[in-house]
Amino acid sequence: MGTRIRRAAAVVATSGALLTTGALTAAPAQAVTAPSIVAKGGFVMDNANARTLYTKAADTTRSTGSTTKIMTAKVVLSQSNLNLDAKVTIQKAYSDYVVKNNASQAHLIVGDKVTVRQLLYGLMLPSGCDAAYALADKYGSGSTRAARVSSFIGKMNTAAKGLGLTHTHFDSFDGIGNGSNYSTPRDLTKIASSAMKNSTFRTIVKTKQYTAKTITKTGSTRTMNAWVNTNGLLSSYSGTIGVKTGSGPEAKYCLVFAATRGGRTVIGTVLASSSIPQRESDAKKLLGYGFTKLG
């Protein structure tokens, strides 16, 4: 009996020592409990060094919806001798395409001349599939529109391979795929991190709204209705600097997000969340967790 008491006392004494030591040293950053998110997939990393901060089915391929447009913009912005003020004439094919697919659009007017810079805003803020089509048509190679679009999508896949991504494939310029347009939370985050190295891209994706002035067929100036950024985090999470929303019947609700606090940038992705408010809630949880882990 006496032996048992002495053992118990030793355990208590040891525990006390541990408690005291714990109180004197800050709890390690890793001790923070990882949040639970509704999205089926998630990934977060430190943008400075690509250190992983959170994973949930991070390498499971899923439909990406309009988060695909991050790569569309990246390919355009990586063109050699890019002239952002070059004008593109809006074709009826772009308008017909968004109507046929009931797709999100920038409401570009057939015959208007729109600059490449404006098309990039129309692509990333209201998630315009008409703007995506115009850019793919301009920056693809070939003698027909179909050939140019196919060439542009090829450039998207080449860019993904160039980043070393093995779980990403594009078969569309906007996310309205034909069954073979997919990525993962980890891959999409890497694409976004790479795109964020471009100052024009960074400026666009943190813009809450943008009003384009286009040139009509008759040469007059048309002031477009303001394009509003679909990324609600820009208004609801302090420090948000991007990046892009996505949604669709298969993709559900996706969000690639980035925020900067105290000089540190956390970037990540949630795929297949259940609603717009929920994808934003998931993202906020992951950003908070990421910043806590960075300390």
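Scanning the stretch 96-126 for residues that are among the β-branched types (V, I, T) and either under 15 Å from T245 (Cβ atoms) or touching a helix residue (DSSP H, G or I) at 6+ places or on another chain (Cβ under 6 Å) (or both) yields V98, V110. When restricted to residues that are polar (S, T, N, Q), part of a strand (DSSP E or B) and surrounded by fewer than 24 Cβ atoms within 10 Å (Cβ to Cβ), the stretch 256-291 contains 2. Applying the set (1) of a type outside the set (A, V, I, L, M, F, W, C); (2) at pLDDT 95 or above; (3) on the phi > 0 side of the Ramachandran plot to K155 leaves exactly one unmet item: (3).
Just wondering, is there one or more residues in the stretch 221-234 that are more than 16 Å from the chain's Cα centre (by Cα), part of a strand (DSSP E or B) and free of Cβ contacts under 8 Å to residues at least 40 places away in the same chain? Yes, that holds for at least one residue. Scanning the stretch 140-151 for residues that are open to solvent by 30 Å² or more (accessible area, probe 1.4 Å) and in a helix (DSSP H, G or I) turns up R145, A146, A147, R148, S150, S151. Selection over the stretch 177-204 of residues that are surrounded by fewer than 22 Cβ atoms within 10 Å (Cβ to Cβ), modelled with pLDDT of 95 or more, small (G, A, S) and more than 17 Å from D46 (Cα to Cα) gives a count of 1.
At least 3 residues being modelled with pLDDT of 95 or more and surrounded by 10 or more Cβ atoms within 10 Å (Cβ to Cβ) is the threshold, and among the helices (runs of 4 or more DSSP H) wholly inside the stretch 1-107 those reaching it are 69-77, 92-101.
Any idea which of (1) at pLDDT 95 or above; (2) within 17 Å of P185 (Cα to Cα); (3) of a type outside the set (A, V, I, L, M, F, W, C) is the one G248 doesn't satisfy? Among (1) at pLDDT 95 or above; (2) within 17 Å of P185 (Cα to Cα); (3) of a type outside the set (A, V, I, L, M, F, W, C), G248 violates only (1). Is one or more of the residues making up the stretch 113-127 farther than 27 Å from R186 by Cβ, part of a loop (DSSP other than H, G, I, E, B) and open to solvent by less than 10 Å² (accessible area, probe 1.4 Å)? Scanning the stretch 113-127, I find no residue that is farther than 27 Å from R186 by Cβ, part of a loop (DSSP other than H, G, I, E, B) and open to solvent by less than 10 Å² (accessible area, probe 1.4 Å), so the answer is no. T207 - would you say it is open to solvent by 20 Å² or more (accessible area, probe 1.4 Å), in a loop (DSSP other than H, G, I, E, B) and either acidic (D, E) or closer than 28 Å to R264 by Cβ (or both)? The answer is yes for T207. Take the conditions buried (at least 17 other Cβ atoms within 10 Å of the Cβ) and within 28 Å of V270 (Cβ to Cβ) and apply them to D137. Does it pass? No; evaluated as a whole, the condition is false for this residue.
Within the stretch 218-235, the residues that satisfy the criterion of being over 21 Å from K197 (Cα atoms) and surrounded by 12 or more Cβ atoms within 10 Å (Cβ to Cβ) are R222, M224, A226, W227, V228, T230, G232. Consider the stretch 242-255 and keep the residues that are among the aliphatic types (A, V, I, L, M) and assigned to a strand (DSSP E or B). The one that is farthest from F43 (Cα to Cα) is V243. For the list (1) in contact with a strand residue (DSSP E or B) (Cβ under 9 Å, 6 or more places away or on another chain); (2) farther than 22 Å from W227 by Cα, I need the number of the one condition that L125 fails. So L125 meets the others, but not (2).
The values are calculated or read from the model by the stated rules, or taken from the named source; none is laboratory data. What you see is a predicted model, and the numbers here were worked out from it, not measured in a lab. FYI the Cβ positions are ideal-geometry reconstructions off the backbone, even for glycines, and counts take in every protein chain you see. In case anyone asks, the SASA skips ligands and DNA or RNA and just uses the protein heavy atoms, side chains included. Shrake-Rupley method; radii C 1.70, N 1.55, O 1.52, S 1.80 Å.
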